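A.B. asks: Structure below; questions to follow.
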Amino acid sequence: MLGDYRIKGRRANDIAADIEHAVDTGELAPGAALPPLRDLAGELGVNPNTVAAAYRLLRDRGVIETAGRKGSRIRPRPVTTPRDQIRIPVPPGASDLSAGNPDPALLPALGPALAVAAARADRDPVLYGHPAADQGLLDLARAAFLADGVPDGRLAVCSGSLDAIERILTTQLRPGDPVAAEDPGWGSLLDLLPALGLRPVPVRLDDEGPLPDSLAEALAAGARAVIVTVRAQNPTGAALTPARAAALRAVLAEHPGALLIEDDHGHGMVDQPYLPLVGPAATRWAVVRSAAKAYGPDLRVSLAIGDQETIGLVLGRQRLDTGWVSLLLQRTVAELWRTDAAPASRVAAVYRARRDALLAALAAYGIEAHGASGLNVWVPVPDEPGVVAALVQSGWVVAPGARYRMQSPPGIRITTAGLDPAEAPRLAADLAGILRSSGGRSRLI
């Protein structure tokens, strides 16, 4: 069961810490079965309730999973092993299409905006007790949200999309609560949920976003929160269409108590319209937008708008920990928002041309691929590790789909943000040859 490893400890915290340390060091491998409660209690000479409490702590931390009579085991991917550590080394001369980054050439120059923000800080230094959010940034964000049809609400500034989502989840849910999440989906989010002790419930999707029937199943199974990427979905590029958005709103209207989080990280670099899912019946909701893809990942600024209670709890918790997001960064983002000379439509057109070039090249070989919006193309493949390894040998490094999947079939994610359209035919030809030689064919999601 555990090989030669012997669990130690007399108190629940000590037992849990010992198991977690063993997972961190590799002494307990992912998938390893843990002893039944009474067996371990007898071995340690403690009450079974003590072992039960230790297992509960580990489950809440995302280290183990429990399947009723099948017992408890180390999670296949413990939270101490995040998905983004599944990295492929980039050999010299190879093209790295795995990182998911925007093209630096399409990001605005930061110097002038930083200079404006720094000059303001010199004139009026930010000290303790200063308002936590820059009013100019809040005004710009509110106007943009309202222009896109988002209901008016309270605003919060956080350190990136994941920070905003984590704060919303931790103030609204409790460990053990199920959360409906896209599958394939954003790997960092799929790591975050078990780390918070939450249980991801996979929701299938296609090019138009989550499938209404699958979302309905997740909500009927008790999902207390729903997280949807409205456009530029990572990794598939899915983007809501008007018909799909209407169908999803109808499903959500049947569960008005569920927390709805809309991730719109593609704002400012996509050309698909924003289609809100928040309906009149929603009582707990938030829409999150980030500066990372449009202005640069190092600008750790995101904005969330939502109902008074949801955002109020986020702001209250923020006051107790980080206090605020740097006003220097907030004012830099506001200045970029006001003065960026490259309109979002032009940036989006470049990204679309690069995606379309690869999609067309793959289609010429009969390879099914997905990429309706954003920076990535998703290609379902039958032998994910084999295809990834063979592409490296051909000079292409792509992201293995295991970073993004729960129950969905294997695939690879290709970041097209910096891919020269002239290179797309060669990449497609190489992938086609690999699929032919392995006897495999691309598969639908």
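The values are calculated or read from the model by the stated rules, or taken from the named source; none is laboratory data. Fair warning: this is a prediction, and the values are worked out from it, not measured in the lab. Heads up, the Cβs are rebuilt from the backbone with ideal geometry, glycines too, and the neighbour counts pull from every protein chain shown.
A.B. asks: Any idea which residue in segment 20-37 is surrounded by the fewest Cβ atoms within 10 Å (Cβ to Cβ), counting only those that are among the aliphatic types (A, V, I, L, M) and assigned to a helix (DSSP H, G or I)?
C.D. replies: Among them, the one singled out is L37.
A.B. asks: If only one of L196, L189 is in contact (Cβ under 8 Å) with a residue 12 or more places away in the chain, within 29 Å of A399 (Cα to Cα), under 16 Å from the mean Cα position of the chain (by Cα) and crowded, with 22+ Cβ neighbours inside 10 Å, which one is it?
C.D. replies: Only one candidate qualifies: L189.
A.B. asks: When you check A246 against the structure, is it surrounded by 21 or more Cβ atoms within 10 Å (Cβ to Cβ), at pLDDT 95 or above and not acidic (D, E), yes or no?
C.D. replies: No: the conditions fail for A246.
A.B. asks: Can you name every residue in segment 301-355 that is of a type in the set (G, A, S) and closer than 30 Å to V377 by Cα?
C.D. replies: Result: S302, A304, A341, A342, A344, S345, A348, A349, A353.
A.B. asks: Separate question: Residue by residue through segment 273-309, note down the ones that are surrounded by fewer than 18 Cβ atoms within 10 Å (Cβ to Cβ) and within 16 Å of A144 (Cα to Cα).
C.D. replies: Passing the criteria: only P273.
A.B. asks: Let me ask you something else. Go through (1) surrounded by fewer than 24 Cβ atoms within 10 Å (Cβ to Cβ); (2) touching a Lys or Arg at 6+ places or on another chain (Cβ under 8 Å); (3) over 28 Å from P242 (Cβ atoms) for C158 and report which single condition fails.
C.D. replies: The single condition C158 does not satisfy is (1).
A.B. asks: So D84 fits all but one of (1) at pLDDT below 85; (2) exposed (fewer than 14 other Cβ atoms within 10 Å of the Cβ); (3) more than 23 Å from the chain's Cα centre (by Cα); (4) closer than 30 Å to P421 by Cα; what number is the exception?
C.D. replies: (3)
A.B. asks: Got a sec? Which helices (runs of 4 or more DSSP H) wholly within segment 111-184 have at least 1 residues that are touching a Cys at 6+ places or on another chain (Cβ under 9 Å) and in contact (Cβ under 8 Å) with a residue 60 or more places away in the chain?
C.D. replies: 161-172
A.B. asks: Let me ask another. What are the residues in segment 152-189 that are more than 29 Å from G401 (Cα to Cα) and either hydrophobic (A, V, I, L, M, F, W, C) or in the same structural domain as I64 (by TED's automatic domain parsing) (or both), if any?
C.D. replies: Residues satisfying the conditions are L155, A156, V157.
A.B. asks: Taking segment 300-340, which residues are among the hydrophobic types (A, V, I, L, M, F, W, C), without any contact (Cβ under 8 Å) to a residue 40 or more places away in the chain and not in a helix (DSSP H, G or I)?
C.D. replies: None; the set is empty.
A.B. asks: Another one. Run down S438, S373, S408, S345 and say which single residue is surrounded by 24 or more Cβ atoms within 10 Å (Cβ to Cβ) and in contact (Cβ under 8 Å) with a residue 24 or more places away in the chain.
C.D. replies: Exactly one of S438, S373, S408, S345 is surrounded by 24 or more Cβ atoms within 10 Å (Cβ to Cβ) and in contact (Cβ under 8 Å) with a residue 24 or more places away in the chain, namely S373.
A.B. asks: Could you count how many residues in segment 100-135 are touching a strand residue (DSSP E or B) at 6+ places or on another chain (Cβ under 6 Å) and not assigned by TED's automatic domain parsing to the domain that holds T322?
C.D. replies: Going through segment 100-135 one residue at a time, the tally reaches 1.
A.B. asks: Here's another thing I want to ask about it. Could you count how many residues in segment 347-366 are in contact with a helix residue (DSSP H, G or I) (Cβ under 6 Å, 6 or more places away or on another chain) and part of a loop (DSSP other than H, G, I, E, B)?
C.D. replies: Looking only at that region, the number is 1.
A.B. asks: In addition: I'd like the full set of residues that are of a type outside the set (S, T, N, Q), crowded, with 19+ Cβ neighbours inside 10 Å and not in a loop (DSSP other than H, G, I, E, B), limited to segment 217-229.
C.D. replies: A218, L219, A225, V226, I227, V228
A.B. asks: Among the residues of segment 277-290, write down those that are of a type outside the set (S, T, N, Q) and more than 23 Å from G371 (Cβ to Cβ).
C.D. replies: V278, G279, P280, A281, A282, R284, W285, A286, V287
A.B. asks: Go through the residues of segment 246-253 one by one and say whether even a single one is closer than 24 Å to L137 by Cβ and not hydroxyl-bearing (S, T, Y).
C.D. replies: Within segment 246-253, not a single residue is closer than 24 Å to L137 by Cβ and not hydroxyl-bearing (S, T, Y).
A.B. asks: Restricting to segment 160-186, name every residue that is under 18 Å from S290 (Cβ atoms), under 11 Å from the mean Cα position of the chain (by Cα) and not small (G, A, S).
C.D. replies: L162, D163, I165, E166, E182, W186
A.B. asks: Report the residue count in segment 411-428 for those that are surrounded by 16 or more Cβ atoms within 10 Å (Cβ to Cβ), within 18 Å of A105 (Cβ to Cβ) and over 16 Å from the mean Cα position of the chain (by Cα).
C.D. replies: 7
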